[in-house]
1. Given Cα pairs under 8 Å that are at least 6 residues apart, what percent is the relative contact order of region 71-150?
2. Going highest first, how would you order 130-140, 65-75 by mean Cβ packing within 10 Å?
3. So for the pair E65, A4, with labels modelled 7 Å out along Cα→Cβ, what separation do we get in nm?
4. May I ask you to derive the relative contact order of region 5-193, considering only C-alpha pairs under 8 Å and at least 6 residues apart, and to give it as an integer percent?
5. Could you tell me the distance between the Cα centroids of region 1-65 and region 66-108, to the nearest Å?
6. Grab the DSSP H runs of the chain that are 4 residues or longer, score each as -39,500 (n - 2.57), total them, divide by all residues and round the 222 nm result to the nearest 500 deg cm²/dmol.
7. With θ taken as phi - 60° and the coefficients 6.51, -1.76 and 1.60, list the Karplus ³J(HN,Hα) couplings across region 186-193 in order, rounded to whole Hz; mark glycine and proline as x.
8. Provide, in order from the shortest bin, the percent of all Cα-Cα pairs of the chain in each 10 Å bin, continuing until the bin that contains the maximum pair distance.
Amino acid sequence: MGVAIRRAREADREAVTRLLDEAFRDDPVSSWVFPGREARLVKHPLLMGAFLDVALSEGYVDLAEDGSAAALWLSVPAGEPEEPDDGPALMRQAVDPDNERVEAVGRLTAAAHPSERPHEYLMLIAVSPQRQGEGLGTALIQQVLERCDREGLPAYLEASSARSRGLYERLGFAFRGRTVDLPEGPPMWPMWREPRGGTAPLES
């Protein structure tokens with residue numbers, strides 16, 4: 001299907017935050033971070049907005065023209081950060097200071113994130129619950145993967161459910177062999193995709 005896609009701007013922040021909230025509110029990871037339903041309704045939009053702010057300021061956000069789907073990406077260089085990453089702690093402070101799980105997700109996923117080669121990192125992808133199953137998410141991802149193939153860039157993500165892992169496998173991503181296990185919570189599947197015609201797979 002043809003999907004009109006554009007780059008999101010700051011003016012889209014409210015609409016995209018709402019989309020992310022609706023798409024991920026009952027996701028296994030979001031449900032672990034905010035186990036109480038009432039607290040999740042209040043705090044979850046703040047967490048999604050914080051992720052979106054990172055993508056808008058440090059990466060890019062691809063948005064379906066009709067607002068039904070969005071993908072948040074970062075272009076990650078090779079090498080370990082020169083300074084300790086205080087992003088998870090800052091996010092916790094901004095979203096829910098008393099909830100250590102907000103910070104834990106960031107620290108655990110950062111520890112598993114490969115650093116050997118530059119790559120495109122899919123932070124989040126959201127499709128409106130009313131529009132799922134129409135291929136919107138695939139269209140958003142494929143646009144970036146085609147560029148990765150042209151430029152010889154790998155791509156990386158963490159799948160937050162077995163269902164999404166299957167989708168990403170069909171797009172050429174491979175599970176790196178070790179899950180990110182949230183304490184007393186669900187697993188996440190780090191997944192890596194070599195560019196088509198690219199180099200040998202990254203060792204886990």
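Please treat every number below as a calculation from the coordinates, not as lab data. Small disclaimer: the values here were computed from a predicted structure and weren't measured. Note: ideal-geometry Cβ built from the backbone for every residue, glycine included; neighbour counts use all protein chains shown.
1. Here the relative contact order equals 44 percent.
2. 65-75, 130-140
3. Going by the 7 Å Cα→Cβ label model, 0.3 nm.
4. Value for region 5-193: 22 percent.
5. 13 Å
6. -13500 deg cm²/dmol
7. Each residue's phi maps through the Karplus curve to give x, x, 10, 10, x, 9, 10, 10 Hz.
8. 8, 35, 40, 15, 1
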